[in-house]
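One structure is given below, encoded as structure tokens.
The values are calculated or read from the model by the stated rules, or taken from the named source; none is laboratory data. Everything numeric in this text was worked out from a predicted model, so none of it was measured. Backbone-built Cβ (ideal geometry, glycine too); neighbour counts: all protein chains shown.
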């Protein structure tokens, strides 16, 4: 891997993680405050993460196994915030709310 490719790959990977964190954070705050704009901003961050994953797979010299890890990560990113939100809502609900 050339120095240029290393920096390019590291930058894309960093942005990929940042986009995933943006999705989780904005989605969670949007649900907490019942703000659809923040939820949609979170979804936009997820779409950016998908595009970055695609760029990483197509334009970086990473080994195939690492590219598989990136693809699996972006697929798992989609489920984490909603599943976590449902779990926390159930965990913190009162017995009356559960009925």
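Kindly evaluate residue 23 against the criterion of being under 20 Å from residue 82 (Cβ atoms), in contact with a helix residue (DSSP H, G or I) (Cβ under 9 Å, 6 or more places away or on another chain) and either surrounded by 17 or more Cβ atoms within 10 Å (Cβ to Cβ) or at pLDDT below 95 (or both). Yes: the conditions hold for residue 23. With respect to (1) loosely packed, with under 12 Cβ neighbours inside 10 Å; (2) in contact with a helix residue (DSSP H, G or I) (Cβ under 9 Å, 6 or more places away or on another chain), the lone exception for residue 76 is condition (2). The criterion of at least 3 residues that are touching a residue at least 24 places away in the same chain (Cβ under 8 Å) is met by the following helices (runs of 4 or more DSSP H) wholly inside region 21-99: 36-59, 64-91.
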